[in-house]
Each structure stands twice: as structure tokens, then as C-alpha cells.
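Supplied in C-alpha cells, the structure appears directly below.
The values are calculated or read from the model by the stated rules, or taken from the named source; none is laboratory data. Quick caveat, the model's predicted, so the values are computed rather than measured. With ideal geometry, Cβ positions are generated from the backbone for all residues, glycine too; neighbour counts draw on all protein chains shown. To get the accessible areas, we keep the full protein, side chains included, count just its heavy atoms, and leave off ligands, DNA and RNA. Shrake-Rupley method; radii C 1.70, N 1.55, O 1.52, S 1.80 Å.
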Amino acid sequence: MLLIKDSLVSLDLIERFFVCDLDSCLGQCCIDGDAGAPLLEEERQAIEAHLDEILPLLNPGARRIIEESGSSYIDEEGDLVTQIVEGKDCVFTTYAEGGKCLCALEKAYREGKLPQLKPSSCHLYPVRLKKYGDMTAVNLHRWKICKCAEILGRTKKIRAYEFLKEPLIRKFGEDWYAELCSVAQEWIKQHS
């Protein structure tokens with residue numbers, strides 16, 4: 001682990017290669033799992049504030065669930081998460097040709113239709129955060145469905161922290177990310 005400001009960063013974030021490969025995995029992380037995506041309360045509020053704009057982007061089943069039960073719920077572990085459709089899809093999952101899953105919130109943001117509303121837990125994935133008092137552990141989650149992302153990252157020589165630049169800056173800020181890059185480059189130089 002490396003200390004970056006008030007965060008303990010796993011060496012996996014620096015040493016491992018990673019580039020999402022949607023053409024291979026088809027966005028499986030949006031539909032596999034036993035609950036929706038973890039949400040912060042402020043993210044839930046932001047999504048709720050834009051529901052009139054979001055609902056037309058969703059499939060009918062997702063719209064119905066949101067209209068009946070809201071866009072989020074408290075799961076069995078007491079965490080705030082996005083609603084899911086038919087026990088699998090996040091309510092914000094849409095499908096493109098070939099069955100590729102896309103996040104409606106991310107797509108609308110990229111098209112300039114909405115502010116960035118994608119939950120930080122999704123935006124940061126495969127990074128998972130865990131609070132320990134005043135410290136935040138920044139860990140890289142490894143999952144078999146992301147093996148293709150590790151292969152693509154190695155092929156392109158892009159490390160996980162480089163691929164995740166935008167969401168890491170969104171979560172921790174420019175200064176934090178600049179320090180991470182500096183420490184990462186030194187670590188790689190010393191351990192290559």
C-alpha cells in the first residue's frame with residue numbers, strides 16, 4: 001500500500017494493467033451481482049433531481065420499477081444501492097447492438113444531455129473504496145469477467161491508475177491524482 005494524502009492505495013492499482021474491453025465482456029459488471037451499484041446519498045439526490053430527464057432513456061421495465069419503488073433501495077447489508085430489474089440489471093442499464101450493456105447515465109453525460117450522474121462506485125470500477133476512520137483504502141477488485149480488460153490493458157501498456165484517471169480525479173481531485181502519478185512512476189521505475 002502507498003500513502004497518497006489521506007488514502008492507502010493498493011499497489012495493484014499501479015502495477016496491474018487494465019482497459020475496459022466492452023466488446024469482449026459486454027458490460028457484464030452492470031448486470032452481474034446480487035444488488036445494484038453502491039450509491040452515496042448525494043448521488044441518489046442528484047439522480048432523483050434529474051429523473052424527468054433520465055426516465056425516457058430507460059427501458060420500460062426500469063421505468064416501471066423507478067416509478068413504483070424509486071431509483072434506489074437499502075440492500076441486505078444496509079448499503080444504499082441502485083434498483084435492479086428482474087434480479088440482475090441495474091435500472092440504468094441500456095443495451096446496444098450485440099447485447100452490449102451501456103449505462104444510460106454515462107451515455108447521456110457523454111452526449112451533453114446530463115451532468116455526470118454515474119455513481120462513483122461504477123465510474124471507479126474496478127476500484128473499490130473502504131473507509132477506515134479518516135483513511136480511505138483504494139483497492140483494485142479483480143473479477144474473472146474483467147480478465148479481458150487486464151489483457152487489453154497489458155496489450156496497450158495502460159495501467160489501471162492511468163485508465164481510471166477521470167474517475168479518480170472526480171473522486172479525489174487533481175492534486176491527489178498528480179501525487180499518485182508521481183509516486184506510481186517512481187515505484188515503477190524502482191521495481192521494473
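Under a Cβ-Cβ cut-off of 15 Å, what is the net charge of the residues other than Lys113 that fall near it, where Lys and Arg count +1 and Asp and Glu count -1?
-1
On average over all directions, what projected area in square nanometres does the stretch 9-60 have, based on the convex hull of its Cα atoms? Before the final figure, lay out the partial values.
Working: hull surface 25.0 nm².
Projected over every direction and averaged, the Cα hull of the stretch 9-60 covers 6.2 nm².
Quick one: with all protein chains in place, what share of the accessible area of the stretch 38-113 is carbon or sulfur, to the nearest percent (1.4 Å probe)? Walk me through the numbers before you get to the answer.
Working: 2060 of 4300 Å².
Solvent-exposed carbon and sulfur of the stretch 38-113 make up 48 percent of the total.
Between Trp187 and Leu51, 0.36 nm times their residue separation minus their Cα-Cα distance comes to what? If you can, show how the numbers build up before the last one.
On the way: separation 136, 0.36 × 136 = 48.96 nm, distance 4.41 nm.
Contour length minus the Cα-Cα distance gives 44.5 nm.
Listed here are the pairs Lys130/Lys171; Lys88/Lys144; Lys107/Lys165; Lys5/Lys118; Lys144/Lys171; Lys88/Lys165; which of them are more than 22 Å apart at the Cα? The partial results should precede the final answer.
Details: Lys130/Lys171 13 Å; Lys88/Lys144 18 Å; Lys107/Lys165 18 Å; Lys5/Lys118 25 Å; Lys144/Lys171 26 Å; Lys88/Lys165 28 Å.
Violating the 22 Å limit, Cα to Cα: Lys5/Lys118; Lys144/Lys171; Lys88/Lys165.
Rg/Rh for the stretch 110-189: what does it come to with C-alpha atoms and Rh from Kirkwood? Could the numbers behind the result be given before it?
Values: Rg = 14.0 Å, Rh = 14.2 Å.
Looking at the stretch 110-189, the ratio lands at 0.98.
Once all Cα-Cα distances of the chain are split into 5 Å bins that start at 0, what whole-number percent is in each one?
With a bin width of 5 Å, the distribution comes to 1, 7, 14, 19, 19, 16, 12, 7, 3, 1, 0, 0.
Still on this structure, please answer the following. Once you list every other residue whose beta carbon is under 11 Å from the beta carbon of Phe18, what net charge do they have if Lys and Arg are +1 and Asp and Glu are -1?
Numbers: positive: Arg16, Arg142, Lys147, Arg154, Lys156, Arg159; negative: Asp12, Glu15, Asp21, Glu150, Glu162.
With Lys, Arg at +1 and Asp, Glu at -1, the neighbours total +1.
At 25 °C and a viscosity of 0.890 mPa s, what translational diffusion coefficient does Stokes-Einstein give for the stretch 94-154, taking Rh as the Kirkwood radius over Cα pairs? Give it in µm²/s as a whole number. Walk me through the intermediate numbers first.
On the way: Rh = 13.9 Å.
Diffusion coefficient, whole number: 176 µm²/s.
Let me ask something else. Let me have the 222 nm mean residue ellipticity of the chain computed from DSSP H runs of 4+ only, each contributing -39500 (n - 2.57), with the sum over all residues rounded to the nearest 500.
Numbers: 11 runs with 83 residues, N = 192.
After summing the helix terms and dividing by the residues of the chain, the value is -11500 deg cm²/dmol.
Give the range of the longest stretch in the chain that excludes all GluC sites (Glu not before Pro) found in loop regions by DSSP and having at most 16 other beta-carbon atoms within 10 Å.
Numbers: sites that count: Glu76, Glu77, Glu86, Glu111.
It runs 112-192.
Taking a 1.4 Å probe, which of His123, His50, His191 shows the most accessible area, and what order do the others take after it?
His191, His50, His123
Of the options Val127, Ile84, Ala178, report the single residue whose Cα projects farthest towards the positive end of the charge dipole of the chain (beta-carbon charges: Lys, Arg +1; Asp, Glu -1).
Ala178
Using only alpha carbon positions, build the gyration tensor of the stretch 1-99, then give the equivalent ellipsoid semi-axes as the square roots of 5 times its eigenvalues, largest first, whole angstrom. Numbers along the way, then the final one.
Values: eigenvalues 156, 77, 33 Å².
Value: 28, 20, 13 Å, ordered largest first.
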